[in-house]
Amino acid sequence: MTDGKHKVSAAWLEDKPPRRQQPLSREQIVRGAVEYLEQHGLEELSMRKLAAHLGTAATSLYWHVVTKDQLFDLVLDEIFGEVCLPEEDGEPLEDLRRVMHQVRRVLSRYPEAARLAASRPTLGPRALRVVEYTLGALLRSGYPEESIAHAYNLIADYTIGGVLVELSRKRLTGPGAPPGESSEDADTMRSFVESLPGEKFPNFVRLSGLLVTANDEESFAFGLDRLLAGISNDLEK
């Protein structure tokens, strides 16, 4: 959940007390940014547009948030605050499974924030509690300490990357499309698959129906179970 290329701002350590008659708190600004991102997308966000969305002047934002990068860091940490950490039940790999399902569900609710999670460090206090929980589960499992960074990155990258792929795939159903109804893109894909010569692509034609209708949550669980099975096998060596 980190990217060494991104400059760490530690925005969560730099909040200023409200000025007299300051119209907005930093918490209100961050929640407003979350709303704006999910309505309009990352590329559309600017401090000026966010200020208009919040009904204030851009100067009111700069008292609490100096740059857009800093705002993105705060937004990402806000989203990770919605991850509910499971109670430790004595089985570390089961704890890992449950917390990654939690991360997936939260990021799936916020597609634009999911894009942020793949492009910058998650070092805010809310995100770090998730990192701490995950590392703690790996340590409790007895996994070799020198290999934990690899195991952690594998699990985190699988979870965040899986969310991004799922969200891209959902474009085929169109925004707000009722279950079972396809968008024009999905109809085009179906027509394309049906037109393929079975003798040339027999495996794809044979399995295309299953590939198109595979349930995202079941597919994620399938892959995560196998990642954790690999970790379990390492522990038994």
Cα-based radius of gyration of the range 92-236 once divided by 2.2 N^0.38 Å, which approximates compact folds: 1.27
Debye log10 I(q)/I(0) for the range 18-177, one point scatterer per Cα, at q = 0.12, 0.18 Å⁻¹: -0.60, -1.07
How much FRET efficiency would the formula 1/(1 + (r/R0)^6) give for residue 168 and residue 89, where r is the Cβ-Cβ distance and R0 is 41 Å, rounded to 0.05? 0.75
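For an R0 of 30 angstrom, estimate the FRET efficiency from the Cβ-Cβ distance between residue 105 and residue 40 and round to the nearest 0.05.
0.85
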Give me a comma-separated list of calculated 3J(HN,Hα) values for the range 208-213, in order, Karplus coefficients 6.51, -1.76, 1.60 applied at θ = phi - 60°, integers in Hz, x for any Gly or Pro. 4, x, 5, 5, 6, 9
Whole-Hz Karplus ³J(HN,Hα) for the range 42-48, in order, using 6.51 cos²θ - 1.76 cosθ + 1.60 and θ = phi - 60°, x for Gly and Pro? 4, 5, 8, 6, 9, 4, 5
How large is ³J(HN,Hα), in whole Hz, for each residue of the range 136-143 in order, when computed from phi with the Karplus curve 6.51 cos²θ - 1.76 cosθ + 1.60 and θ = phi - 60°, using x for Gly and Pro? x, 5, 5, 5, 5, 5, x, 5
How many nm separate the modelled label positions at residue 193 and residue 215, each set 7 Å beyond the Cα in the direction of the Cβ? 1.8
Which order, highest average first, do 220-229, 157-166, 93-102 follow once you tally other Cβ atoms within 10 Å for each residue and take the mean per peptide? 93-102, 157-166, 220-229
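Read-outs throughout are calculated quantities, based only on the coordinates presented, and are distinct from any laboratory measurement. Just so you know, these numbers come straight off a predicted model, no measurement behind them. All Cβ positions, even for glycine, are placed from backbone atoms using ideal geometry, and neighbour counts span all protein chains on display.
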